[in-house]
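Worksheet: the structure to be examined is printed underneath.
The values are calculated or read from the model by the stated rules, or taken from the named source; none is laboratory data. Note that the structure is a prediction, hence the values are computed from the model and not measured. So basically every Cβ, Gly included, is an ideal-geometry build from the backbone, and we count neighbours across all protein chains shown.
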Amino acid sequence: MTTQPQFDAIVIGAGMSGMYQLLKLRELGLKVRVLEAGTGVGGTWYWNRYPGARFDSESYSYAFSFSKELLDEWDRSEHFAGQPETLRYLNHVADKFDPRKDIQFRARVKSAHFQDAGNRWDVTPGLRTHVTEDGQRNLWLIRGGMSGFGVPCHVRGPCPAV
Ligand SMILES: Cc1cc2nc3c(=O)[nH]c(=O)nc-3n(C[C@H](O)[C@H](O)[C@H](O)COP(=O)(O)OP(=O)(O)OC[C@H]3O[C@@H](n4cnc5c(N)ncnc54)[C@H](O)[C@@H]3O)c2cc1C
């Protein structure tokens, strides 16, 4: 008997990739938890606040395209937007689609191990995936290389295409 919270999918990181994965997995009706080391969403754009930090590709090309309303309502003030504006955009996405309720902040993942015996993933700190009726269990490892965290992890078990 375990008291660990159980989820269908655990996503590591609340940058662009992690937020998108959360929203897509939610659409599939999965119970998802995102573990994020920082205190807010945005990933790269949350961490990199040094003066002059900005895009090197055109701003308009850097946006979620899954919502026409979102695309229509957001405009960039510069061709190569700076970090503050990009972080504002990502927080706007978070305000609009409410990923935060499924994100645990200040939660740095230290390890993720697949347990053959229990047929599940155990993730430190203190979470696990649960086993579905068809025996599938999922751990989504979403992490970008720019934010500087490493995850010592053994990745096994199936992941559904989204
Ligand atoms: C200055 C700068 C300019 C850039 N310009 C462009 C550009 O013009 N065009 C472009 O396409 N890309 C650009 N990038 C790249 C940018 O990093 C990616 O486009 C994108 O933001 C990566 O998103 P991500 O969600 O995959 O990863 P990240 O944004 O890196 O997010 C990963 C998240 O995972 C969290 N995390 C990591 N490890 C752990 C752990 N063990 N436990 C818990 N949480 C963890 C981190 O805290 C972070 O929030 C730029 C990056 C920088 C720094």
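Table for the structure above
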{"read-out": "Any pair with Cβ under 7 angstrom, 6 or more apart, that starts in segment 35-63 at a residue that is over 25 Å from residue 11 (Cα atoms) and ends at one that is assigned to a loop (DSSP other than H, G, I, E, B) and of a type outside the set (Phe, Trp, Tyr)", "value": "54/81; 55/81; 58/79; 59/76; 59/78; 59/79; 59/81; 60/76"}
{"read-out": "All positions within segment 38-89 that are of a type outside the set (Ser, Thr, Tyr) and farther than 24 Å from residue 100 by Cα", "value": "51, 52, 53, 54, 55, 56, 58, 78, 79, 80, 81"}
{"read-out": "Total residues in segment 46-66, condition hydroxyl-bearing (Ser, Thr, Tyr) and exposed (fewer than 10 other Cβ atoms within 10 Å of the Cβ)", "value": "4"}
{"read-out": "Only one of 101, 31 that is under 16 Å from residue 11 (Cα atoms), surrounded by fewer than 17 Cβ atoms within 10 Å (Cβ to Cβ) and modelled with pLDDT of 90 or more", "value": "101"}
{"read-out": "Segment 72-114, residues that are in contact (Cβ under 8 Å) with a residue 12 or more places away in the chain, among the basic types (Lys, Arg) and over 15 Å from residue 55 (Cβ atoms)", "value": "96, 100, 106, 108, 110"}
{"read-out": "Subset of segment 1-41 (residues that are among the charged types (D, E, K, R) and touching a strand residue (DSSP E or B) at 6+ places or on another chain (Cβ under 9 Å))", "value": "8, 26, 31, 33, 36"}
